[in-house]
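J.: Okay, here's the structure, questions in a sec.
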Amino acid sequence: MLEKIKTDIEAAVPSCRLEIIPNGSPSGQHSLLVESTCAVEVAKFLRDSPELRLDYCSNVTGVDWLDTETSEKVKVKTLVDGVEQEIEEVRKLKSPGYLETVYHLYSMEKKHGPVILRLRTENRADKVHLPSLTPVWRSAEFQEREIFDLYGIIFDGHPDLRRILMWDEFEDHPMRKDYVEPDDYEYEPTAHEDILAKAKQHNA
Amino acid sequence: MTRSITEPIDEELPPNFTHGDDEGELLEIALGPHHPSTHGVFRMDVVLDGERVVKLKPVFGYLHRNHEKIAETASYLSSMPYTDRLDYMCSLSNNWAYALAVEKLAGLQVPERAEYIRVITAELTRLQNHASTIGFLTQEMGASGTPLMYAFREREKILDLFESLTGSRMMCNYMRFGGCRVELPSGWLEQTKKVVEAFPRFLDEYERLLTGNEIFMARAQGVGVLNRELAVNAGVTAPMLRASGVNYDIRKVDKYGIYERFDFKIPLGEHGDVYDRYMIRMLEMRESLKILNQALRDIPPGPIMDAKAKIRGFRPKPGEAYGRIESPKGELGFYLISDGSPNPYRYRVRPPSLINLTVLEDMCRGYNVADTIVIFGTVDIVLGEVDR
């Protein structure tokens, strides 16, 4: 099913890189990784194509994947004191982390689904822009705002990108895996100090 | 009153007052967060032209406790009691949605008797939710107390059943991955049959009070119309979607659990207004009673837990799953990613209450403030689930 959708998209949006991400769990819900530059076109195609008609974007969510460091042992032949010996060397492979959005699409007209789309940012720090799919499916409006709020992905083309659950002055993104809770949850400068100072003056 | 879906959503709110306009002044007020109609802490920033709503922006987050983050630091099972606190009117539906997602993730089977118990408890939940939603709706129209108390009288009978089964009226924490927690107490099925048999009398009484009521019709008909295209595009689910005439019920589409065994219909609306949403809930309750009668007749004896399901040391294989059910509020889904550890790597709740609010502005624009309260009442939200 997903292979067919992939070839259909490739025919409709030729320059788009797609990749099927297999899912190891018994649910068998494999997903389709879409290059972010052509995501809106792909979304429009999926929504309007008469065969698929994925008119209902049910669930939109973010996932945070940290930088991973895998180490592997490699046997290297080197010359030690003029004699060739095999020495084990540990090599570290760093793969950069990224933020991901996952879209679960269904069709209310054809009553099939889910087709799962994934979009990935380049990294977790400065290149966290993704195209917004809210112009295609309104149901993503609040959910993308929530991802922006809790994960810090910036959705280009979103009509009203503001924090939704946390307060506007909040600075961090609490759903990220490396989020550190503050020691103090007091978020507004309270009047306590001023009032205490005034009280001191009164008493003086 | 609705605009086309391709049109961009408003950029920003206008300043508090605009002067020198022939149309008069616009007034920006905050409805909430402690407005009695919001059933919790929820704010609507509305811009009014006289009594008419020009713009409406919902503001959330007063009850936010980052349920998803908490669930990612806890084991799979220890989030089960927390799901009760999402939509606290329908804890058993929430339990089922979460159990279903984990069962998909880990590939667990559910014994037949447990499936029947799930259907019975979920449909009882739907009955009490829809009855109280209509009760609240009439309360907001000014029918002070009577219909709401009628609904609560019936709801209490169902909550008594939940209490005798699970030990708690509202925080049931009853379902487990691969089955249910405890066997039905003796006499529970007979008692449930009695409640189900008596329920149509309450529905008839309720309908006599409301369906043909002149004031109710004047307040409800043609108010808050939601068109079909926008409803689908905005991901609206449950009675709100079906009142707009879209035939989509996850019980029929996904046939999760054992719903394909039951004979029931999906009521559909025509106009998509407040009255249709009321009527759909009334009719859905009657269909739920049909399902209950069949389930109570057919429930087989047997085990209630999958023998292979592990309670301790539960570690699903790496992978992901999205499980969803038709909860009384809409499509309640859980999206889980496992990395093979005892805690979920990603735990996501798809909250129907939040997503149904996407179209609140489109439904309210052009109506009076008093209508806004009524329209908001038919969305049927619980803030525990909106804010999580």
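The values are calculated or read from the model by the stated rules, or taken from the named source; none is laboratory data. It should be emphasised that the depicted structure is a prediction, and the values quoted were computed from it without experimental measurement. Heads up, the Cβs are rebuilt from the backbone with ideal geometry, glycines too, and the neighbour counts pull from every protein chain shown.
J.: Residues being closer than 14 Å to B:Arg281 by Cβ and either touching a residue at least 60 places away in the same chain (Cβ under 8 Å) or of a type in the set (A, V, I, L, M) (or both): count how many of those fall in the stretch B:124-147. I'd like the intermediate steps shown before the answer.
T.: Filtering the stretch B:124-147 for residues closer than 14 Å to B:Arg281 by Cβ gives B:125-138, B:147.
If we keep only those that are either touching a residue at least 60 places away in the same chain (Cβ under 8 Å) or of a type in the set (A, V, I, L, M) (or both) too, we end up with B:125-127, B:129-131, B:133-134, B:136-138, B:147.
Counting residues in the stretch B:124-147 that are closer than 14 Å to B:Arg281 by Cβ and either touching a residue at least 60 places away in the same chain (Cβ under 8 Å) or of a type in the set (A, V, I, L, M) (or both) gives 12.
J.: Follow-up question, since we're still on this one. Restricting the stretch B:73-121 to residues that are of a type in the set (Ser, Thr, Tyr) and not in a helix (DSSP H, G or I), which is nearest to the chain's Cα centre (by Cα)? Full working, then the answer.
T.: Taking the stretch B:73-121 first, the residues of a type in the set (Ser, Thr, Tyr) are B:73, B:75-76, B:78-79, B:82-83, B:88, B:91, B:93, B:98, B:116, B:121.
Subsequent filtering for residues that are not in a helix (DSSP H, G or I) retains B:73, B:75-76, B:88.
Details: B:Thr73: 27, B:Ser75: 26, B:Tyr76: 23, B:Tyr88: 10 Å.
Looking at residues that are of a type in the set (Ser, Thr, Tyr) and not in a helix (DSSP H, G or I), I get B:Tyr88.
J.: Next up: Quick one: in the stretch A:136-146, of everything that is among the acidic types (Asp, Glu) and out of contact with any Asp or Glu (no Cβ under 9 Å at 6 or more places or on another chain), which residue is nearest to the other protein chains (Cβ to nearest Cβ)?
T.: A:Glu146
J.: Within the stretch B:230-267, how many residues are away from chain A (no Cβ under 13 Å), more than 18 Å from the chain's Cα centre (by Cα) and either free of Cβ contacts under 8 Å to residues at least 24 places away in the same chain or at negative phi (or both)? Steps first, please.
T.: First, the residues of the stretch B:230-267 that are away from chain A (no Cβ under 13 Å): B:239, B:243, B:257-265, B:267.
So of that shortlist, the ones also more than 18 Å from the chain's Cα centre (by Cα) come out as B:257-265.
Those left that are additionally either free of Cβ contacts under 8 Å to residues at least 24 places away in the same chain or at negative phi (or both): B:258-265.
Number satisfying all stated conditions: 8.
J.: Which of the residues that make up the stretch A:77-124 are of a type in the set (Gly, Ala, Ser) and part of a strand (DSSP E or B)? Talk me through it step by step, then tell me what you get.
T.: Initial filter on the stretch A:77-124 (of a type in the set (Gly, Ala, Ser)): A:82, A:95, A:97, A:107, A:113.
The answer is A:Ser95, and nothing else.
J.: Of the residues in the stretch B:148-180, how many are in contact (Cβ under 8 Å) with a residue 24 or more places away in the chain, of a type in the set (D, E, K, R) and over 30 Å from B:Val374 (Cβ atoms)?
T.: Of the residues in the stretch B:148-180, 1 are in contact (Cβ under 8 Å) with a residue 24 or more places away in the chain, of a type in the set (D, E, K, R) and over 30 Å from B:Val374 (Cβ atoms).
J.: Suppose the filter is at the interface with chain B (Cβ under 10 Å from one of its Cβ atoms), surrounded by 10 or more Cβ atoms within 10 Å (Cβ to Cβ) and assigned to a loop (DSSP other than H, G, I, E, B); does A:Lys127 pass it? Break it down into steps so the answer makes sense when it comes.
T.: Details: at the interface with chain B (Cβ under 10 Å from one of its Cβ atoms): no; surrounded by 10 or more Cβ atoms within 10 Å (Cβ to Cβ): yes; assigned to a loop (DSSP other than H, G, I, E, B): yes.
So A:Lys127 does not fit the description; no.
J.: Among the candidates A:Val102, A:Val90, single out the residue that is aliphatic (A, V, I, L, M) and away from chain B (no Cβ under 13 Å). Even if it seems obvious, please write down each step before you answer.
T.: Details: A:Val102 fails: away from chain B (no Cβ under 13 Å).
Being aliphatic (A, V, I, L, M) and away from chain B (no Cβ under 13 Å) holds for just one of A:Val102, A:Val90, which is A:Val90.
J.: Can you name every residue in the stretch B:42-81 that is of a type in the set (A, V, I, L, M) and more than 27 Å from A:Asp172 (Cα to Cα)? Talk me through it step by step, then tell me what you get.
T.: Restricting attention to the stretch B:42-81, the residues satisfying the condition of being of a type in the set (A, V, I, L, M) are B:44, B:46-48, B:53-54, B:56, B:59, B:63, B:70-71, B:74, B:77, B:80.
Result: B:Val46, B:Val47, B:Leu48, B:Val53, B:Val54, B:Leu56, B:Leu77, B:Met80.
J.: Any residue at all in the stretch B:299-306 that is of a type outside the set (Val, Ile, Thr), touching a residue at least 40 places away in the same chain (Cβ under 8 Å) and in contact with a Gly (Cβ under 6 Å, 6 or more places away or on another chain)? First the steps, then the outcome.
T.: Going through the stretch B:299-306, the residues of a type outside the set (Val, Ile, Thr) turn out to be B:300-303, B:305-306.
This time we only want the ones that are touching a residue at least 40 places away in the same chain (Cβ under 8 Å), so: B:300-303, B:305-306.
Retained after the next criterion (residues that are in contact with a Gly (Cβ under 6 Å, 6 or more places away or on another chain)): B:305-306.
Yes.
J.: For the structure I just gave you, tell me whether B:Ile70 is farther than 14 Å from B:Val382 by Cβ, of a type in the set (A, V, I, L, M, F, W, C) and surrounded by fewer than 18 Cβ atoms within 10 Å (Cβ to Cβ). Step through it out loud before you land on a result.
T.: Details: farther than 14 Å from B:Val382 by Cβ: yes; of a type in the set (A, V, I, L, M, F, W, C): yes; surrounded by fewer than 18 Cβ atoms within 10 Å (Cβ to Cβ): yes.
When the stated conditions are applied, B:Ile70 passes them.
J.: Pairs under 8 Å by beta carbon, first residue at positive phi in the stretch B:32-59, partner among the hydrophobic types (A, V, I, L, M, F, W, C) and part of a strand (DSSP E or B), six or more apart or different chains?
T.: Cβ pairs passing all conditions: B:Gly32/B:Met44; B:Gly32/B:Val59.
J.: Which of the helices (runs of 4 or more DSSP H) contained wholly in the stretch B:141-260 include at least 3 residues that are at pLDDT 90 or above, of a type outside the set (Val, Ile, Thr) and closer than 30 Å to B:Phe314 by Cβ?
T.: On the way: elements: B:146-166, B:188-210, B:214-220, B:228-233, B:239-243, B:250-253.
Because the criterion is at least 3 residues that are at pLDDT 90 or above, of a type outside the set (Val, Ile, Thr) and closer than 30 Å to B:Phe314 by Cβ, the helices (runs of 4 or more DSSP H) in the stretch B:141-260 that meet it are B:146-166.
J.: Against the definition (more than 29 Å from B:Gly145 (Cβ to Cβ) and in contact with a helix residue (DSSP H, G or I) (Cβ under 9 Å, 6 or more places away or on another chain)), how does B:Gly167 come out, yes or no?
T.: Numbers: more than 29 Å from B:Gly145 (Cβ to Cβ): yes; in contact with a helix residue (DSSP H, G or I) (Cβ under 9 Å, 6 or more places away or on another chain): no.
Here the answer is no, as B:Gly167 does not meet what is asked.
J.: Criterion first (surrounded by fewer than 23 Cβ atoms within 10 Å (Cβ to Cβ), without any contact (Cβ under 8 Å) to a residue 40 or more places away in the chain and of a type in the set (A, V, I, L, M, F, W, C)) does B:Leu283 satisfy it? Full working, then the answer.
T.: Working: surrounded by fewer than 23 Cβ atoms within 10 Å (Cβ to Cβ): yes; without any contact (Cβ under 8 Å) to a residue 40 or more places away in the chain: yes; of a type in the set (A, V, I, L, M, F, W, C): yes.
Yes: the conditions hold for B:Leu283.
J.: May I pose another question? Counting only residues that are surrounded by fewer than 12 Cβ atoms within 10 Å (Cβ to Cβ), among the β-branched types (Val, Ile, Thr) and touching an Asp or Glu at 6+ places or on another chain (Cβ under 6 Å), how many does the stretch A:51-101 have? Can you show your working first?
T.: Keep residues of the stretch A:51-101 that are surrounded by fewer than 12 Cβ atoms within 10 Å (Cβ to Cβ), which gives A:51, A:68-95.
Filter once more, keeping what is among the β-branched types (Val, Ile, Thr): A:68, A:70, A:74, A:76, A:78, A:80, A:83, A:87, A:90.
Restricting the remaining residues to those that are touching an Asp or Glu at 6+ places or on another chain (Cβ under 6 Å) gives A:74, A:76.
The total comes to 2.
J.: Now a separate question. Any residue in the stretch A:1-21 that is within 17 Å of A:Arg120 (Cα to Cα) sitting within a Cβ distance under 6 Å of a residue that is of a type outside the set (A, V, I, L, M)? List the pairs, counting only those 6 or more apart or interchain.
T.: A:Cys16/A:Glu35; A:Cys16/A:Cys38; A:Arg17/A:Glu35; A:Leu18/A:Lys6; A:Ile20/A:His30; A:Ile21/A:Ser31
J.: Could you identify the single residue in A:Leu150, A:Leu117, A:Leu133, A:Leu161 that is surrounded by 14 or more Cβ atoms within 10 Å (Cβ to Cβ), touching a Pro at 6+ places or on another chain (Cβ under 9 Å) and either at the interface with chain B (Cβ under 9 Å from one of its Cβ atoms) or closer than 25 Å to B:Tyr347 by Cβ (or both)?
T.: A:Leu150
J.: So which of A:Ser107, A:Ser95 is at the interface with chain B (Cβ under 10 Å from one of its Cβ atoms) and small (Gly, Ala, Ser)? Before you say what the answer is, go through the steps one by one.
T.: On the way: A:Ser95 fails: at the interface with chain B (Cβ under 10 Å from one of its Cβ atoms).
Matching residue, one of A:Ser107, A:Ser95: A:Ser107.
J.: Could I ask something else about it? Let me confirm something: among A:Leu46, A:Leu66, A:Leu2, which residue is hydrophobic (A, V, I, L, M, F, W, C) and under 27 Å from A:Lys177 (Cβ atoms)? Even if it seems obvious, please write down each step before you answer.
T.: Numbers: A:Leu46 fails: under 27 Å from A:Lys177 (Cβ atoms); A:Leu2 fails: under 27 Å from A:Lys177 (Cβ atoms).
Unique residue meeting the criteria: A:Leu66.
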